[in-house]
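Engineer: Please read through the structure below; I'll follow up with questions.
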């Protein structure tokens, strides 16, 4: 029996000479793997619908293991991402992060919508770094690693100057900062943006202009937090770091 779903292509693996195993994030069922027979053939009707990042409707025969992809209809190919090396790097990281975190067959409509909106914004040319930081911050709630951002992680104080402590798992006020000699000093802009990115409704994102120095602060804090607590090892992370270095040289 074939069933229809709405999905985003998270990953593809070549299987044999002509087939692909495609990992989809579906709105209805969560993450599922399907066999796309003949998808590597240029004239296959499954070729275009199994490209990475593609958003579409898919007709699937489900099974306990790897299902079977019968057909697909593209809603948005998000071609702008694939045609830009920088967008490809950031989108690949976001997609792999999602793939690593999501368990098989655990529906999460919130995460589906978050990923879809992020990829659409990337496709439309919005700030790739900022979109990635927002996504990373929001994923912390999904994986159960929420940082203390509403106030000091030690005393709860919500006013004044703050730094960020990986050890304490969040902000430290100036009265508690001696608790962590390795804390990250933060500008008021970085403090505000970390809070904003964590709580923001992404669908209401407007134009955000962030200085390079502030982006660097956000990058260091978020990366260190993930490295310490997530236990994730992402192949795309290294590629993204190389792309960021290239981007810095071109600016």
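We did not get these values from a lab; they are worked out from the coordinates using the rules stated. This one's a predicted model, so the numbers in the text were calculated from it and none came from an experiment. Positions of Cβ are backbone-derived with ideal geometry, glycine not excepted, and every protein chain shown enters the neighbour counts.
Engineer: Taking each pair of distinct Cα atoms in segment 135-251 once, what is the resulting Kirkwood hydrodynamic radius in Å? Don't skip to the end; give the middle numbers.
Structural biologist: Working: mean 1/r = 0.0655 Å⁻¹.
Taking the inverse mean of 1/r over all distinct Cα pairs, segment 135-251 comes out at 15.3 Å.
Engineer: Which of rounded, prolate, oblate describes segment 45-150, given a ≥ b ≥ c as roots of the alpha-carbon gyration tensor eigenvalues and a/c under 1.5 marking rounded, otherwise prolate only if a/b is larger than b/c?
Structural biologist: Working: a/c = 2.51, a/b = 1.26, b/c = 2.00.
Cα axes put segment 45-150 in the oblate bin.
Engineer: Which ordering of 137, 102 is given by a fewest-first count of other beta-carbon atoms within 10 Å? It would help to have the intermediate numbers written out before the result.
Structural biologist: On the way: 137 24, 102 20.
Exposure proxy ranking, most exposed first: 102, 137.
Engineer: Computed from the mean reciprocal separation of all distinct C-alpha pairs, what Kirkwood hydrodynamic radius does the chain have, in Å? Don't skip to the end; give the middle numbers.
Structural biologist: Details: mean 1/r = 0.0513 Å⁻¹.
Taking the inverse mean of 1/r over all distinct Cα pairs, the chain comes out at 19.5 Å.
Engineer: Using 11 Å as the cut-off for backbone N distance, which residues of segment 237-251 belong to the label zone defined by a point 7 Å from the Cα of residue 212 along Cα→Cβ?
Structural biologist: Residues 247-251 fall inside that zone.
Engineer: Here's another thing I want to ask about it. For segment 2-78, place one equal point scatterer on every Cα, skip the solvent, and apply the Debye formula. What is log10 of I(q)/I(0) at q = 0.12, 0.20 Å⁻¹?
Structural biologist: -0.25, -0.74
Engineer: Here is a further query. In what sequence do 11, 161 fall when counting other Cβ within 10 Å, fewest first? Please list the in-between numbers first.
Structural biologist: Working: 11 18, 161 15.
Least crowded to most crowded, the residues run 161, 11.
Engineer: Percent of Cα-Cα pairs more than 17 Å apart in segment 96-185, please. Before the final figure, lay out the partial values.
Structural biologist: Working: 2348 of 4005 pairs.
Roughly 59 percent, rounded to a whole number.
Engineer: Follow-up. Starting from the Cα of residue 79, step 7 Å toward the Cβ, then list every residue of segment 34-56 with an amide N under 16 Å from that point.
Structural biologist: So the set is 47-56.
Engineer: To make sure I understand, if each residue's beta carbon is the centre and we count other beta carbons within 10 Å, what order do 44, 158, 68 fall in, fewest to most? Could the numbers behind the result be given before it?
Structural biologist: Details: 44 17, 158 11, 68 14.
Arranged by neighbour count, lowest to highest, 44, 158, 68 become 158, 68, 44.
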